[in-house]
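Working notes for the structure below.
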Amino acid sequence: MSSSAELRERAARVMPGGVSSPVRAYTAVGGEPPMIASAEGAHLLDADGGRYVDFVLAYGPHILGHNPPEVVEALRRQLDRGVAYGHTAALEVELAERLCAALPSVEMVRFVNSGTEATMSALRLARAATGRDLVVKFAGGYHGHADALLAAAGSGVATLGLPGSAGVPRGAVADTLVLPYNSAGAVLEAFATHGERIAAVIVEPVAGNMGCVAPVPGFLQELRRVTRERGAVLVFDEVMTGFRVAYGGAQLLYGVEPDLTCLGKVIGGGLPVGAYGGARALMEQVAPLGPVYQAGTLSGNPLAMAAGIAVLDRLRSGDAYTRLEVLGGRLGDGLRTAAVAASVPCAVNRVGSMLTVFLGVERVDDYDDARRSDVAAFARVHRAWRDAGVLWPPSQFEAAFLSTAHEVADIDRAVSAFAGAIRGGGLAGEC
Ligand code: KE4
């Protein structure tokens, strides 16, 4: 098989940046990205035989680690039955029933093939349902790459420093208001000025795309109050948090029920999937029942459904979230302790098994705070992790993830390499 170097060279010839998604190019942290040959549990293996503890987990889906037996078995079983029918099958119904049972605010759901499709469709539905055009999002929030939402987005766009994106026409973002995350005041002001025109507020209830940033107490509750009072649709983008921070998502964890929920990642067990859902009265406006058109050739794909059902059944029945909280706590505390010992200012933001470490700052509550962190120091730490056989998301503006397949030794390896980097790398007190 080709070596990583050979694969990178071949990839660069036929794929922009040699990647299928920008963050994978490692632009923000430097170095050549590994070319992966296989995965097992909490580990990735590259084309040169290198083995890494994986804290990327495909940016969230692999909450049970790579290739958990129940998912492999479900996929093997389904393969013998076919991979796409172009008709409704039992698996879609079974996963849809599980989503509706798990998420307090969801009575009906529509499957799509990515988080981008989920948020794009949810906003179309919100605009149709309200007859309004304005959409509020938050700086550093990333909801996929639909034109209307690529305005001061987080994740890849933030990492690449692109204020939006080339190719997005002015008209596409003219109705997108971008506010500071965690600022209820800014939201109230926006409603005071534009209230009658606001169709929806879309929010990552726990932000993951400016790095992990939790909602400050009362923020989500205030979004719920003002949107209900002013007749706007509250959209929780739970593509990352859905079934990650709790079986019922962030809406269960924080006790705030949105009007629409967007899902992805975990619910497909690593296969292409997305979904959006909410109250029946809203969802019945979606074609073929209602006037809001949305479609997809491979939506409800039986393989993705089979994998998603296997993952959710394991999450619902076992002690996964207890284990994830213990592992997450060990990692977060370990990183904080190491930073204190090295006298390096550091903010470790964690919600369950998603977390981000910011260097050179003491607190990160929004995108401006995140951008004040020392991204050069982060890049140095990222390289030290890699040298220690630890793969961390290659961007300050991403969340790292844990799985039930991670062991204490994996956590301690990441903490030890971090401690060495901030101590040995002369970061102490330098940030
Ligand atoms: P996809 O279209 O990539 O499936 O989902 C878009 C999306 C929507 N909403 C949230 C909260 C998301 O985190 C995402 C995608 N997340 C990024 C990582 N931060 C995907 C990784 C990538 O772009 O390569």
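The values are calculated or read from the model by the stated rules, or taken from the named source; none is laboratory data. Remember, predicted model here, so these are calculated numbers, not experimental data. With ideal geometry, Cβ positions are generated from the backbone for all residues, glycine too; neighbour counts draw on all protein chains shown. Please note that ligands, DNA and RNA were not included when accessible areas were found on the heavy atoms of the full protein model with its side chains. Shrake-Rupley method; radii C 1.70, N 1.55, O 1.52, S 1.80 Å.
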Worksheet item: Restricting segment 2-21 to residues that are assigned to a helix (DSSP H, G or I) and open to solvent by less than 70 Å² (accessible area, probe 1.4 Å), which is nearest to PHE55 (Cα to Cα)?
Response: SER4
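Is it fair to say ALA128 is crowded, with 21+ Cβ neighbours inside 10 Å, in contact (Cβ under 8 Å) with a residue 24 or more places away in the chain and part of a helix (DSSP H, G or I)? Break it down into steps so the answer makes sense when it comes.
Details: crowded, with 21+ Cβ neighbours inside 10 Å: no; in contact (Cβ under 8 Å) with a residue 24 or more places away in the chain: yes; part of a helix (DSSP H, G or I): yes.
The answer is no for ALA128.
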Discussion item. Whether any residue in segment 280-295 is within 16 Å of the ligand (Cβ to nearest atom), open to solvent by 10 Å² or more (accessible area, probe 1.4 Å) and touching a residue at least 24 places away in the same chain (Cβ under 8 Å) is what I want to check.
Written reply: yes
Worksheet entry | Count - residues of segment 391-413 that are of a type outside the set (D, E, K, R), more than 16 Å from the ligand (Cβ to nearest atom) and more than 20 Å from ASN67 (Cβ to Cβ) | 2
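Residue check: is ALA379 open to solvent by 30 Å² or more (accessible area, probe 1.4 Å) and either over 25 Å from ALA184 (Cβ atoms) or modelled with pLDDT under 95 (or both)? Steps first, answer last, please.
Values: open to solvent by 30 Å² or more (accessible area, probe 1.4 Å): no; either over 25 Å from ALA184 (Cβ atoms) or modelled with pLDDT under 95 (or both): yes.
In short, no.
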Fill in: Test: residue in segment 158-171 that is of a type outside the set (Phe, Trp, Tyr), touching a Cys at 6+ places or on another chain (Cβ under 8 Å) and either at pLDDT 95 or above or within 12 Å of the ligand (Cβ to nearest atom) (or both)
no
Discussion item. Against the conditions (1) touching a Ser or Thr at 6+ places or on another chain (Cβ under 6 Å); (2) of a type outside the set (Ser, Thr, Tyr); (3) over 30 Å from ILE411 (Cβ atoms), where does ALA295 fall short? Just the number, please.
Written reply: (1)
Worksheet item: Hey, among VAL326, VAL340, VAL364, VAL357, which residue is surrounded by fewer than 23 Cβ atoms within 10 Å (Cβ to Cβ), hydrophobic (A, V, I, L, M, F, W, C) and in contact with a strand residue (DSSP E or B) (Cβ under 9 Å, 6 or more places away or on another chain)?
Response: VAL340
Worksheet item: VAL348: touching a Leu at 6+ places or on another chain (Cβ under 6 Å) and either touching a residue at least 60 places away in the same chain (Cβ under 8 Å) or open to solvent by less than 20 Å² (accessible area, probe 1.4 Å) (or both), yes or no?
Response: yes
Worksheet item: If you go through segment 399-414 one residue at a time, do you hit one that is open to solvent by less than 30 Å² (accessible area, probe 1.4 Å), farther than 23 Å from ALA214 by Cα, acidic (Asp, Glu) and not assigned by TED's automatic domain parsing to the domain that holds TYR181?
Response: yes
Worksheet item: Identify, please: which residue in segment 235-254 is away from the ligand (no atom under 15 Å from the Cβ) and open to solvent by less than 20 Å² (accessible area, probe 1.4 Å) and is, among those, nearest to the chain's Cα centre (by Cα)?
Response: ALA246
Worksheet entry | Those residues of segment 254-270 which are among the acidic types (Asp, Glu) and either out of contact with any strand residue (DSSP E or B) (no Cβ under 7 Å at 6 or more places or on another chain) or at pLDDT below 95 (or both), in sequence order | GLU257
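Would you call LEU271 within 16 Å of the ligand (Cβ to nearest atom), within 19 Å of SER105 (Cα to Cα) and either over 18 Å from the mean Cα position of the chain (by Cα) or not basic (Lys, Arg) (or both)?
Working: within 16 Å of the ligand (Cβ to nearest atom): yes; within 19 Å of SER105 (Cα to Cα): no; either over 18 Å from the mean Cα position of the chain (by Cα) or not basic (Lys, Arg) (or both): yes.
So LEU271 fails the test.
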Worksheet item: For segment 394-409, does any single residue satisfy the condition of being closer than 15 Å to HIS62 by Cβ, in a strand (DSSP E or B) and hydrophobic (A, V, I, L, M, F, W, C)?
Response: yes
Worksheet item: How do the pairs read when you match residues in segment 383-396 that are within 15 Å of ALA25 (Cβ to Cβ) with residues anywhere that are modelled with pLDDT under 95 and of a type in the set (S, T, N, Q), using Cβ under 6 Å and keeping only pairs 6 or more apart or on different chains?
Response: SER395/THR159
Item to complete: Give the number of residues within segment 36-59 that are touching a Gly at 6+ places or on another chain (Cβ under 9 Å) and either surrounded by fewer than 17 Cβ atoms within 10 Å (Cβ to Cβ) or part of a loop (DSSP other than H, G, I, E, B) (or both).
Response: 6
